[in-house]
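The values are calculated or read from the model by the stated rules, or taken from the named source; none is laboratory data. Just so we're clear, the structure is a prediction, and the values are computed from it rather than from any experiment. Please note: Cβ atoms are built from the backbone with ideal geometry, for glycine as well, and neighbour counts cover all protein chains shown.
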Amino acid sequence: MKNINYRKCLELNSAYMPTKIIDSDRAYIVSLKGNADIIHTHPETFGLVNPELEVFRPSVIRTKKYFNGHFHSVKYSKDLVFKRDDYTCAYCGKRDRKDCTIDHVMPQSKGGKDSFENCVTSCKKCNQEKDDLTIKEWGREHPNPKRPHYLLLLNNLGTIPDEWKKYLLW
């Protein structure tokens, strides 16, 4: 079971570029004042005095003004690949930190590089089974790994909500 922190909200600028992660209480106030639109909500509601009133916590908001956030480049590392993939095998979906390995989608023996776009988390069984085959030779679906946004890699974030991934991976 994924441990998602419903108190966190991804803030996007008016161009839908991630700028920061804020508390969902603050995100709700910003949207209530008319300075942002709520794009996605968490399945959790605020604890309100009126039990008949359900207000869901914002998960993603888009501010109405453009803020030119500084782009932070993320340097490739195996640990960051594991974090990006949430320690889950790209091929079979097994999630086990102790069983994680790095697999090169295009094998190094065939010119594949160490990069976010070519490396995925794999369990040992799938990695051994794939060996030095390409995805096409192995007959599996291409996992399509992407470079992560620096906000994805914050230490205290926990599991990334699915609705954030389209903004944080490209």
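I'd like to know if region 62-75 contains one or more residues that are part of a helix (DSSP H, G or I), in contact (Cβ under 8 Å) with a residue 40 or more places away in the chain, under 16 Å from the mean Cα position of the chain (by Cα) and closer than 22 Å to D114 by Cβ. Give the steps one after another, and end with the answer.
Taking region 62-75 and keeping what is part of a helix (DSSP H, G or I), we get none.
No; the residues of region 62-75 include none that is part of a helix (DSSP H, G or I), in contact (Cβ under 8 Å) with a residue 40 or more places away in the chain, under 16 Å from the mean Cα position of the chain (by Cα) and closer than 22 Å to D114 by Cβ.
Within the set K20, K94, K78, K83, the sole residue that is farther than 22 Å from I4 by Cβ and not aromatic (F, W, Y) turns out to be K78.
Residues in region 16-42 that are surrounded by fewer than 12 Cβ atoms within 10 Å (Cβ to Cβ) and under 24 Å from P148 (Cβ atoms): Y16 only.
With respect to (1) assigned to a loop (DSSP other than H, G, I, E, B); (2) at pLDDT 95 or above; (3) not aliphatic (A, V, I, L, M), the lone exception for E141 is condition (2). Does region 100-111 contain any residue that is on the phi < 0 side of the Ramachandran plot, assigned to a strand (DSSP E or B) and surrounded by fewer than 19 Cβ atoms within 10 Å (Cβ to Cβ)? Looking for residues that are on the phi < 0 side of the Ramachandran plot, assigned to a strand (DSSP E or B) and surrounded by fewer than 19 Cβ atoms within 10 Å (Cβ to Cβ), one finds at least one in region 100-111, hence yes.
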